[in-house]
Amino acid sequence: MNIYVVRHCKAEGQSPSANLTEEGYLQAERVAELLQGKPIEHIISSPFLRAIQSISPLAENIQVNYHVDDRLSERVLCGESNVNWLEMLRHTFTDLEICYEGGESSTSAMNRALAVITDVRNSGFSNVVIVTHGNLMSLLLKHYETKFGFEEWASLSNPDVYHLQFEGELPIIQRIWNG
């Protein structure tokens with residue numbers, strides 16, 4: 001089984017309705033080119049507009065409808081804006097249980113991403129694309145590679161693509177985006 005985990009392309013903001021930037025739309029075309037040669041059977045996306053716009057060119061090119069799954073939504077760090085958000089985020093990679101007011105712990109976010117992976121692995125599909133957000137993507141990768149932490153999150157690009165190849169319980173993980 002092959003799961004391609006895609007972080008959305010560059011967007012105009014963080015709100016659920018934020019569009020891709022002009023550059024983001026071009027990146028979405030490049031993501032489609034990267035994945036077009038793969039035998040993709042199923043696409044699942046975060047409901048955020050930037051994620052849907054990031055995968056729409058691929059879905060159109062290969063004529064596979066995307067399905068929206070709320071479990072792939074961006075992780076909420078805390079309920080209100082905080083100038084120290086970056087340091088707060090750093091702490092959530094070392095203390096997976098920390099939960100700021102109005103937010104979600106790393107464990108909780110990781111578990112909802114893993115639930116999607118479990119569903120995909122039980123779906124009968126062999127080649128699936130999952131489109132999500134940087135923090136959720138990094139927590140998913142951290143589940144399989146515990147060394148994946150804050151610095152690795154910080155080094156993700158918009159977009160980014162990782163290939164998870166499952167032959168057993170643990171996947172072989174490879175970053176395939178070189179943009």
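The values are calculated or read from the model by the stated rules, or taken from the named source; none is laboratory data. This is a predicted model, so every value here is computed, not measured. Virtual Cβ from ideal backbone geometry, glycine too; neighbours counted across all protein chains shown. Calculation scope for accessible area: heavy atoms of the full protein, side chains included, ligands and nucleic acids excluded. Shrake-Rupley method; radii C 1.70, N 1.55, O 1.52, S 1.80 Å.
Does Tyr144 satisfy the criteria of being within 23 Å of Gln36 (Cα to Cα) and either touching a strand residue (DSSP E or B) at 6+ places or on another chain (Cβ under 9 Å) or among the aliphatic types (A, V, I, L, M) (or both)?
The answer is no for Tyr144.
For every residue, the table says whether it meets (1) farther than 22 Å from Asn158 by Cα; (2) under 14 Å from the mean Cα position of the chain (by Cα).
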{"position": "Leu34", "(1), (2)": "no, no"}
{"position": "Phe48", "(1), (2)": "no, yes"}
{"position": "His67", "(1), (2)": "no, no"}
{"position": "Asn82", "(1), (2)": "yes, no"}
{"position": "Glu97", "(1), (2)": "yes, no"}
{"position": "Ala109", "(1), (2)": "no, yes"}
{"position": "Ile117", "(1), (2)": "no, yes"}
{"position": "Val120", "(1), (2)": "yes, no"}
{"position": "Gly124", "(1), (2)": "yes, no"}
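Looking at region 9-33 only, could you name the residues that are open to solvent by 90 Å² or more (accessible area, probe 1.4 Å), assigned to a loop (DSSP other than H, G, I, E, B) and touching a residue at least 60 places away in the same chain (Cβ under 8 Å)?
Correct list: Gln14 only.
For region 76-97, which residues satisfy the criterion of being surrounded by 15 or more Cβ atoms within 10 Å (Cβ to Cβ) and touching a Ser or Thr at 6+ places or on another chain (Cβ under 8 Å)?
Leu77, Thr92, Phe93, Leu96
Please indicate, with yes or no, whether at least one residue in region 81-88 is modelled with pLDDT of 95 or more and within 18 Å of Glu145 (Cα to Cα).
No, region 81-88 contains no residue that is modelled with pLDDT of 95 or more and within 18 Å of Glu145 (Cα to Cα).
Select, from Ile44, Ile52, the only residue that is open to solvent by 10 Å² or more (accessible area, probe 1.4 Å), touching a residue at least 60 places away in the same chain (Cβ under 8 Å), among the β-branched types (Val, Ile, Thr) and farther than 22 Å from Gln174 by Cα. I'd like the intermediate steps shown before the answer.
On the way: Ile44 fails: farther than 22 Å from Gln174 by Cα.
When all the criteria are applied, what remains is Ile52.
Taking Glu101 as the residue in question, decide whether it is open to solvent by 30 Å² or more (accessible area, probe 1.4 Å) and either within 30 Å of Gly168 (Cα to Cα) or not in a helix (DSSP H, G or I) (or both). Before the answer, list the steps.
Working: open to solvent by 30 Å² or more (accessible area, probe 1.4 Å): yes; either within 30 Å of Gly168 (Cα to Cα) or not in a helix (DSSP H, G or I) (or both): yes.
So Glu101 fits the description; yes.
Does region 134-158 hold any residues that are in contact (Cβ under 8 Å) with a residue 60 or more places away in the chain and either assigned to a helix (DSSP H, G or I) or touching a Ser or Thr at 6+ places or on another chain (Cβ under 6 Å) (or both), and which are they?
Those that are in contact (Cβ under 8 Å) with a residue 60 or more places away in the chain and either assigned to a helix (DSSP H, G or I) or touching a Ser or Thr at 6+ places or on another chain (Cβ under 6 Å) (or both): Gly134, Asn135, Leu136, Met137, Leu139, Leu140, Leu141, Phe150, Trp153.
Here is a list of conditions, (1) over 24 Å from Pro171 (Cβ atoms); (2) surrounded by fewer than 14 Cβ atoms within 10 Å (Cβ to Cβ); (3) free of Cβ contacts under 8 Å to residues at least 24 places away in the same chain, and Thr118 meets all of them except one; can you say which number that is?
The single condition Thr118 does not satisfy is (1).
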